[in-house]
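Heads up: the structure comes next, in structure tokens.
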């Protein structure tokens, strides 16, 4: 404190009269805990102020009798506030313990009531259930599943081929197409072989003609080879 000694006195009545929680009929425990906590904080502030005042007065020196007397009074106030604070701390602990137990009791009661109501509802719901009827229902569902399976098999069969005769006709058609494709492939192979043989013969004739130095005989040989290739091609087509 920076003001003088005469501006610092505390009313003695305000120092001694610490506000206590008002008595109420069945007060709410949580409200009481908050009020006690507020009072403890107020006492903590007064203790700090008394400590500050005491230090300020002691700093005046031992030669100042008035300052010493007021410092002793500040010490007494501090001790009184600390005693009241300690008492309220014990009260606060007891209130908090009781409030916790009260909350636990309410939770337990709510849990028991919920379990009781749930039991009653479950009992009402299971009264209309019969194990025998449930077993019959399961058997009926299995029968329905088997019926649906049979129906689906019938539908899938009717959507396919009708009778063995149509299957035989389809197989014959497939075999015919397969034979035609094989004949075409064989004819193409014969044509390729004939063309390759004709080309080889023509090349051989040209080589022989160039070695003899003449042109008449190789020309006739080429014509004979071409005619032979034509006959082979017609033969291959006939076979196909």
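Just so it is clear, none of the values below were taken in a lab; they were calculated from the coordinates. All values derive from a computational prediction rather than experimental measurement. So basically every Cβ, Gly included, is an ideal-geometry build from the backbone, and we count neighbours across all protein chains shown.
Here the gap between residue 68 and residue 167, fully extended at 0.36 nm per residue and compared with their Cα-Cα distance, gives a gain of 22.9 nm.
Applying 0.36 nm per residue to the separation of residue 28 and residue 87 and subtracting their alpha-carbon distance, the gain on full extension is 19.2 nm. Using r as the Cβ-Cβ distance of residue 188 and residue 156, and R0 as 41 Å, what FRET efficiency do you calculate, to the nearest 0.05? Efficiency, rounded to the nearest 0.05: 0.45. Here each label is just a point 7 Å from Cα along the line to Cβ, and for residue 49 and residue 210 those points are 13.3 nm apart. Note on residue 76 and residue 99: with the Förster distance fixed at 22 Å, the Cβ-Cβ geometry gives a FRET efficiency of about 0.05.
Treating r as the C-beta distance of residue 42 and residue 123 and R0 as 51 Å, the FRET efficiency rounds to 0.35.
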